[in-house]
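See below for the structure under consideration.
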Amino acid sequence: MTLEYAYYPGCSLHSMAAEYDISFRAVCDKLGIEMREIEGWICCGTTPAHCTSKLLSLALPMQNLCLAEKMGMTEVVAPCAACFSRLKAAIHETAEHPEVKEQISSILDEPLPKSMNVLSPLEIFSKGIDLASAVTTELPGLKVVCYYGCLLTRPPKMMQFDECEYPMSMDRIIRSLGIETLDWSYKTECCGGGISATETDIVLKLTHDILEEARAVGANAVAVACPLCHTNLDTRQAGIEKKYGSSFGLPIFYFTQLMGLAFGIPSDKLGLHRHFVSADELLSGMRKG
Amino acid sequence: MIEPDLTITSRSQLAEEVLRESGQEVNLCYQCRKCAAGCPISYAMDYKPAQLIHAIRLGMDDIVFNSKTVWLCSSCETCTTRCPQEVDVAKVMDAVKIITLRRGIKPTIPRVSSFHKAVLANVKKCGRMFEVGMMISLKLRTFEFFKDVGLGMKMFRKGKLKIIPSFKGARTTWRIFRRVKRIEKGNRSA
Ligand code: SF4
Ligand code: SF4
């Protein structure tokens, strides 16, 4: 039986974070998991929506879940942590508040899905899939810290995903590929994703602290599962180094890219060249397959 | 025996409005300050999250609406996760932003709400987010050259920015925005 899910890529995975999209799809392909993209999906509204209107912030994501139901699906996979969180919020808020449910349903002009589950890729790869047997390439010498960020686990009542202060799902996935992951205390610290476009100074401080801690524990790479985290840690890394006079040179991987590398998928099929901080040097001479 | 004083449960007008907007009861807060301690941005806030909650509780509108706090909040949900009284502090932050706009008060950091407006206008028009269009409209809106224009160019060269918008779903988002507006207008006049 092939595993099949509805797929909600969200805006970032179609632009800024296209490498998350292609590496995720490539890995799913390898593992025989089928992703069916939701047709006609729309933006989830993300932070600007919930800062502006509660109804809007729930109606936009819920529309996508309605579309998924029409495809006959009951499980939606959302790789972007921000989308993941907003889709979950739509389910949680309408389930808790009947009057909100009624309003959203009248805005969308249809009954809301009866049973719909939203999953992170971290969850589907944790559910009894034998990752180790797909590994063809060893990556010795990689010392990875897994950075989960804010929205995957918080608030726990709504997300119901992993341990909210010290999650392990990404660590377990990466360890099962034979790659070492390190313990550190910044797993769920905030990178300032929500204010990244407007409050640059704060974002530079938060991301600096994260990279500094990663280096302090001896990591030579960071794994993430969120386009906002990736943009802040990778795209802004040169700016951080300039402001703080430090030099990190820490490649930031989507965890799906690490999976792809371990499965022997060539790096150009994983979009590694799109990163600002190159991983070439780190990976050269490391791969044994 | 002393009868419990029921007046302590009364709410300030602002606390009432926050409750209506967010479902959050700030009177539950017992000022343990855990929210402030865990907040990654509190170092930059003029009033820490716990102080803002208290100001709402006391109905000190001038402090609440003159504070930068809610506009600096990055919606990281740490406060909400840790509050022992289960006050959803992040939702209160959102509610204050929404009330600010509704009352026609100028946000203390206008560029934040300009950014939100630009994103939403973009989503409404295109159905999905289209970064380049958004940056241009943001520049026009704030009359300020996009802060990260150098970064933007670099992202563009790496193929990280989409230059052609997709209009998939634009009709749907248009309809959703219109209907939300209608309901919110109705709620206000009701
Ligand atoms: S954590 Fe909760 S109870 Fe403690 S100060 Fe903050 S809002 Fe009040
Ligand atoms: S949600 Fe806002 S107020 Fe709460 S901890 Fe995060 S940044 Fe601070």
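The values are calculated or read from the model by the stated rules, or taken from the named source; none is laboratory data. From a predicted model like this one, the values you see are computed outputs, not experimental measurements. When we count neighbours, we look across all protein chains shown, and the Cβ atoms used for this are built from the backbone with ideal geometry, even at glycine. To get the accessible areas, we keep the full protein, side chains included, count just its heavy atoms, and leave off ligands, DNA and RNA. Shrake-Rupley method; radii C 1.70, N 1.55, O 1.52, S 1.80 Å.
List of remarks:
- A:H14 satisfies every condition listed in (1) under 19 Å from A:C150 (Cα atoms); (2) within 9 Å of chain B (Cβ to nearest Cβ) except (1).
- Any helices (runs of 4 or more DSSP H) falling wholly within the range A:223-282 and containing at least 1 residues that are hydroxyl-bearing (S, T, Y) and closer than 27 Å to A:R172 by Cβ: A:255-262
- Some residue of the range A:191-209 being polar (S, T, N, Q), more than 14 Å from chain B (Cβ to nearest Cβ) and on the phi < 0 side of the Ramachandran plot: no
- A:S85 passes every criterion in (1) closer than 30 Å to A:D130 by Cβ; (2) more than 11 Å from chain B (Cβ to nearest Cβ) apart from (2).
- Within the range B:70-85, residues that are farther than 15 Å from B:I53 by Cα and near ligand 2 (Cβ under 6 Å from one of its atoms) have Cβ atoms under 6 Å from residues that are open to solvent by 10 Å² or more (accessible area, probe 1.4 Å) and hydroxyl-bearing (S, T, Y) in these pairs: B:S75/A:T47, counting only partners at least 6 apart in sequence or on another chain.
Per-residue answers, yes or no, for (1) assigned to a loop (DSSP other than H, G, I, E, B); (2) among the hydrophobic types (A, V, I, L, M, F, W, C); (3) under 18 Å from B:R82 (Cα atoms):
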| residue | (1), (2), (3) |
| --- | --- |
| A:T136 | yes, no, no |
| A:C146 | no, yes, no |
| A:L151 | yes, yes, yes |
| A:M158 | no, yes, yes |
| A:I174 | no, yes, no |
| A:E189 | yes, no, yes |
| A:A197 | yes, yes, no |
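- Within the range B:38-77, the set of residues being in a loop (DSSP other than H, G, I, E, B), more than 10 Å from ligand 1 (Cβ to nearest atom), more than 18 Å from B:S113 (Cβ to Cβ) and within 11 Å of chain A (Cβ to nearest Cβ) comprises B:P40, B:C76, B:E77.
- Residue-level analysis places B:K97 outside the set of residues that are at pLDDT 95 or above, more than 16 Å from ligand 1 (Cβ to nearest atom) and either open to solvent by 30 Å² or more (accessible area, probe 1.4 Å) or not basic (K, R) (or both).
- In this entry, A:G194 passes the filter for residues that are more than 16 Å from ligand 1 (Cβ to nearest atom), over 14 Å from the mean Cα position of the chain (by Cα) and crowded, with 24+ Cβ neighbours inside 10 Å.
- Filtered by the rule that a residue be more than 7 Å from chain B (Cβ to nearest Cβ) and hydrophobic (A, V, I, L, M, F, W, C), the range A:43-74 gives A:C44, A:L58, A:M62, A:L65, A:C66, A:L67, A:A68, A:M71, A:M73.
- Condition met for B:R111 (of a type in the set (D, E, K, R), at the interface with chain A (Cβ under 8 Å from one of its Cβ atoms) and surrounded by fewer than 23 Cβ atoms within 10 Å (Cβ to Cβ)): yes
- Matching residues in the range B:12-32 - criterion: being open to solvent by 40 Å² or more (accessible area, probe 1.4 Å) and either within 15 Å of B:T81 (Cβ to Cβ) or in contact with a Ser or Thr (Cβ under 8 Å, 6 or more places away or on another chain) (or both): B:C32
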